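The values are calculated or read from the model by the stated rules, or taken from the named source; none is laboratory data. In this text, all values refer to a predicted model and were calculated from it rather than measured experimentally. Note that we place each Cβ from the backbone using ideal geometry, even for glycine, and neighbour counts take in every protein chain shown. In case anyone asks, the SASA skips ligands and DNA or RNA and just uses the protein heavy atoms, side chains included. Shrake-Rupley method; radii C 1.70, N 1.55, O 1.52, S 1.80 Å.
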Amino acid sequence: MRRLRSSESIRSLVRETRLHPGQFILPLFVCPGEGVKREISSMPSNYQMSIDEMVKECAEVKSLGIGGIILFGLPESKDEKATGAYDDNGIVQRAIRAIRKEVPGLLIMTDVCNCEYTSHGHCGFIKDGDVDNDTTLEWLAKSALSHAKAGADIVAPSDMMDGRVAAIRQALDANGYERIPILSYAAKFASVFYGPFREAADSAPQFGDRRSYQMDPANAREAMREIELDLEEGADMIMVKPAMPYLDLICQARQRFDVPIAAYQVSGEYSMIMAAVRNGWLDHDRAMMESLTSITRAGAGMILTYFAKPAARFLA
């Protein structure tokens with residue numbers, strides 16, 4: 001076995017898993033204002049950006065050969081009905097139009113959810129202290145449609161409401177957007193690793209938690225059922241989120257489903273590595289590349305990752 005490990009050239013020749021920038025999707029956080037580029041304290045080298053700064057960021061993303069971006073919005077105001085999520089002049093919708101105009105050809109994916117837009121921080125309409133699934137489906141369908149109208153290439157529902165893929169597919173098809181694919185956050189777990197994201201997107205719930213609609217981290221068979229249901233409803237691609245704590249489920253999904261599979265290397269995964277790097281406990285490039293390789297090796301063809309830019313530079 002040692003003969004095929006004896007030099008970098010031989011190791012490269014027989015390497016089984018290879019990364020390339022085109023498989024990365026960079027999450028970006030767009031906020032109101034002009035000239036705003038505010039670093040997220042728990043996520044070094046990631047920023048809340050106004051639309052003008054976002055356009056500059058997207059130009060760099062395209063120049064690095066990165067596969068695309070996924071947009072998250074921080075609205076100017078919030079309310080109980082998440083109206084900013086499906087406002088045709090909302091923050092994400094304006095950002096899509098600006099990026100489409102200034103950076104043509106860049107793939108734009110949008111997160112379809114309500115938690116950034118509700119005053120209470122939950123993913124839908126609150127009834128009797130919990131999210132009302134069916135009312136929330138109407139909001140999600142309107143949001144996805146507004147993103148498609150603005151020019152999004154792919155819509156990605158992340159709310160984990162039952163039936164949301166079917167509702168979005170119906171709304172898109174009925175309005176002439178049959179060609180817009182849906183990337184479903186099909187197996188999204190109620191994970192502690194989302195912590196830094198909630199600072200980035202200002203989306204922490206004001207009461208309770210999301211365990212009544214996001215998945216129990218202990219359940220693998222349920223994850224496969226969730227994926228199967230979303231595909232039956234019309235999802236074109238599926239996602240497992242988070243990535244590294246659920247590599248086994250990425251692998252299971254790859255073995256069972258012949259569709260493109262994404263994985264989200266979430267904020268907590270990124271921040272843990274960066275904290276160790278800043279303390280001198282880990283080498284940045286090696287930790288970054290090993291983590292991304294493990295996700296790809298498990299079976300993910302696309303990775304949503306905050307390492308997209310440094311990883312693309314490393315691979316250049």
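In this structure the amide hydrogen of residue 304, modeled in the peptide plane, comes within under 5 Å of the amide hydrogens of 25, 263, 264, 265, none closer than 5 places in sequence on its chain. When both region 273-287 and region 101-136 are represented by their alpha-carbon centers, they are found 33 Å apart. Note that the chain carries a Kirkwood radius of 19.9 Å, evaluated over its alpha carbons pair by pair.
Each of 54, 65, 93 was scored by the projection of its Cα onto the charge dipole of region 13-105, and the greatest displacement toward the positive side belongs to 65; charges sit on the C-beta of Lys, Arg, Asp and Glu.
The apolar share of the surface of region 136-245, taken as the fraction of accessible area on carbon and sulfur atoms (1.4 Å probe, ligands and nucleic acids excluded), comes to 47 percent.
Global size of region 165-316: 16.6, 54 Å for Rg and Dmax (C-alpha atoms, Rg to one decimal, Dmax whole). In the complete set of protein chains, residue-level accessible area for residue 258 is approximately 150 Å², probe 1.4 angstrom.
Close amide-amide hydrogen proximity is noted between residue 186 and 239, each under 5 Å apart and 5 or more residues distant or on a separate chain (H modeled in the peptide plane; Pro and chain starts excluded).
Karplus-based coupling profile of region 176-191, in residue order and whole Hz: x, 10, 4, 7, 7, x, 10, 9, 8, 5, 6, 10, 10, 9, 6, 9, with θ = phi - 60° in 6.51 cos²θ - 1.76 cosθ + 1.60 and x standing for Gly or Pro. Computed over protein heavy atoms with a 1.4 Å probe, the accessible surface of the chain works out to 45 Å² per residue.
Angle check, please: helix 91-102 long axis (alpha carbons) against the longest principal axis of the chain (alpha carbons), in degrees 0 to 90, nearest 10. Value to nearest ten degrees: 60. When every Cα-Cα distance of region 132-210 is counted in 10 angstrom steps from zero, the calculated P(r) takes the values 17, 44, 31, 8 percent. Ellipsoid fit via the Cα gyration tensor, region 1-155: semi-axes of 36, 20, 15 Å, each the root of five times an eigenvalue, largest first. Note on surface exposure: 71, 229 rank 229, 71 by accessible area, highest first, 1.4 Å probe.
For the set 42, 267, the ranking by accessible area, highest first and with no ligand, DNA or RNA atoms included, is 42, 267 under a 1.4 Å probe.
For the chain, the longest piece that avoids every one of the GluC sites (Glu not before Pro) found in DSSP loops with at most 16 other C-beta atoms within 10 Å covers 179-316. Ranked from largest to smallest solvent-accessible area, with a 1.4 Å probe on the protein heavy atoms, 56, 101 come out as 101, 56. In order along region 75-81, phi translates into HN-Hα couplings of x, 5, 8, 10, 8, 6, 9 Hz, rounded to whole numbers, per the Karplus curve 6.51 cos²θ - 1.76 cosθ + 1.60 with θ = phi - 60° and x for Gly and Pro. Shown here for region 232-316: chymotrypsin sites (Phe, Trp or Tyr not before Pro) in loop regions (DSSP other than H, G, I, E, B) with at most 15 other Cβ atoms within 10 Å, namely 281. Quick note on region 103-152: its Rg to Rh ratio, both from C-alpha atoms and Rh being the Kirkwood radius, is 1.09. Converting phi to 3J(HN,Hα) with the Karplus coefficients 6.51, -1.76 and 1.60 and the offset θ = phi - 60°, region 192-200 yields 5, 6, 8, x, x, 4, 5, 6, 4 Hz in sequence order, with x at every glycine or proline. For region 136-190, the set of trypsin sites (Lys or Arg not before Pro) satisfying both a DSSP loop assignment and a count of at most 12 other C-beta atoms within 10 Å is given as 179. Using the Stokes-Einstein relation with a Kirkwood hydrodynamic radius computed over Cα pairs, the translational diffusion coefficient of region 222-276 at 4 °C and a viscosity of 1.567 mPa s comes to 108 µm²/s. If you wrap region 1-42 in the convex hull of its Cα atoms and look at it from every side, the mean projected area works out to 6.2 nm². Modelled spin labels at residue 135 and residue 162, positioned 7 Å past Cα toward Cβ, are 1.8 nm from each other.
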